[in-house]
Amino acid sequence: MDTQFMKRAIELSKKGYGHVNPNPIVGAVIVKDGIIVGEGYHEKYGKYHAERNAIKNAKDNSNSHMLKGATMYVTLEPCCHYGKTPPCTEAIMENGISEVYVGCLDPHDKVSGKGVDILRKHGIKVHVGMMEEEIRKSNEIFLRYIKNKEVFVIMKSGSSLDGKISTCTGESKWITCEESRHHAHTIRNRVMAIMVGVNTVIEDDPSLTVRNISENPCDPVKVIVDTNGRTPLDCKLLIDSGDKVILGVGECIESEKIEKYKQMGATVIKTPLYKGKVDLKFLINKLGEMGIDSLLIEGGGNIHFSAFEQGVVNKIMMYFAPKIIGGASSKTSVEGNGFEKLIETTELEDINIVKIGTDFLVEGYVKK
């Protein structure tokens, strides 16, 4: 039963996707005599953590008397310092919870084992490491960002089996199935920012919003990579989301262009050039300094290749439809100049293949 209760805590934690960044997603379940008496999750950045929400839930359901001697299952180590909210260790001790199962230790310098130590010193029995691998994966964004402010970068594409993202005439809607597109929007909902190249803005005029999901959506910040300042002032991104748009531009762009984008509400970041284009490492480091912990790169093919060439991608998510499009002029998910030698290519590890509707999703991590 211990595993079942932790699974429930993990399930609850995922409700926080997109709303707690750059904090971790966390779920908590309180059990007494084999019955769940309270449960909660970290719902929003700056608000109460999962442990306090689970305790509140128990009290709201008239289960206050069952907290003493109860067991808590929590996905991440309870915090023990004052931040935007009081320490969760205090709430656990004050309410008489006698045993705690912790899925994963919190790597934050102010916690990192200290929360567990405090609980143990106050006579609470603590177990660490239950379903840790699954919990670490669900918090892979937080775990990368928390130490060095390193942005977790995902490259995503949807294509035919032969890697085409459009026909030779440019038709692209829709190659992948509805289920894949829905799944892709759940990924958008998890990250803090989404990046496209200026060609995608010019050709598709996307909105890059989160759509078609039942849970409360959270639109990411939009990042446009635009070396020479070609982004149209009347594009949807600037008209509808100007204050949530960041333009990464080359260092030689005219100040007049920059001022026009700023007047639309956009933030402009000038970067050095890498082979005549925006230096993505520089740009992404700046995003990290701005508090952005995660980035989804959604195209097009040139920006995808630049991301691989400059070594900024951590994870790939490629949706493949059971279709063959063909055509030498048909666009592919990764274009650019391409690598000249096989030894230079991007290699992946920890591959996972999942069937979604009629398509399949290939997930993997870039081998460093």
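Looking across the range 111-133, the residues that are outside any helix (DSSP H, G or I) and β-branched (Val, Ile, Thr) come down to VAL111, ILE124, VAL126, VAL128. For LEU105, indicate whether it is open to solvent by 20 Å² or more (accessible area, probe 1.4 Å), hydrophobic (A, V, I, L, M, F, W, C) and more than 17 Å from ARG8 (Cα to Cα). Considered against the rule, which asks whether it is open to solvent by 20 Å² or more (accessible area, probe 1.4 Å), hydrophobic (A, V, I, L, M, F, W, C) and more than 17 Å from ARG8 (Cα to Cα), LEU105 comes out as yes. Scanning the range 285-302 for residues that are open to solvent by 10 Å² or more (accessible area, probe 1.4 Å), within 24 Å of MET318 (Cα to Cα) and outside any loop (DSSP other than H, G, I, E, B) returns a single hit, ASN302. Of the residues making up the range 185-194, those that are modelled with pLDDT under 95, out of contact with any helix residue (DSSP H, G or I) (no Cβ under 8 Å at 6 or more places or on another chain) and not β-branched (Val, Ile, Thr) are HIS185, ARG188, ASN189. Among the criteria (1) open to solvent by less than 50 Å² (accessible area, probe 1.4 Å); (2) closer than 19 Å to PRO220 by Cβ, the one SER13 does not fulfil is (2). Scanning the range 69-120 for residues that are over 25 Å from the mean Cα position of the chain (by Cα) and closer than 17 Å to THR3 by Cα turns up ALA70, THR71, MET72, GLU99, VAL100, TYR101.
Restricting attention to the range 129-156, the residues that are open to solvent by less than 40 Å² (accessible area, probe 1.4 Å) and polar (S, T, N, Q) total 2. Within the range 38-55, the set of residues being open to solvent by less than 30 Å² (accessible area, probe 1.4 Å) and modelled with pLDDT under 95 comprises GLY46 only. Would you please name the residue that is farthest from ILE30 (Cα to Cα), looking only at residues in the range 48-103 that are part of a helix (DSSP H, G or I) and of a type in the set (S, T, N, Q)? The residue in question is THR89.
If you take the residues in the range 195-249 that are of a type in the set (Gly, Ala, Ser) and open to solvent by 20 Å² or more (accessible area, probe 1.4 Å), which one is modelled with the highest pLDDT? It comes out as SER207.
Those strands (runs of 3 or more DSSP E) of the range 134-253 in which at least 2 residues are closer than 30 Å to ASP106 by Cα, considering only elements entirely within it, cover 152-160, 193-197, 221-225.
The values are calculated or read from the model by the stated rules, or taken from the named source; none is laboratory data. Keep in mind the model is a prediction, meaning the values are calculated, not measured. Note that we place each Cβ from the backbone using ideal geometry, even for glycine, and neighbour counts take in every protein chain shown. Surface accessibility is based on the protein's heavy atoms, side chains included, excluding ligands, DNA and RNA. Shrake-Rupley method; radii C 1.70, N 1.55, O 1.52, S 1.80 Å.
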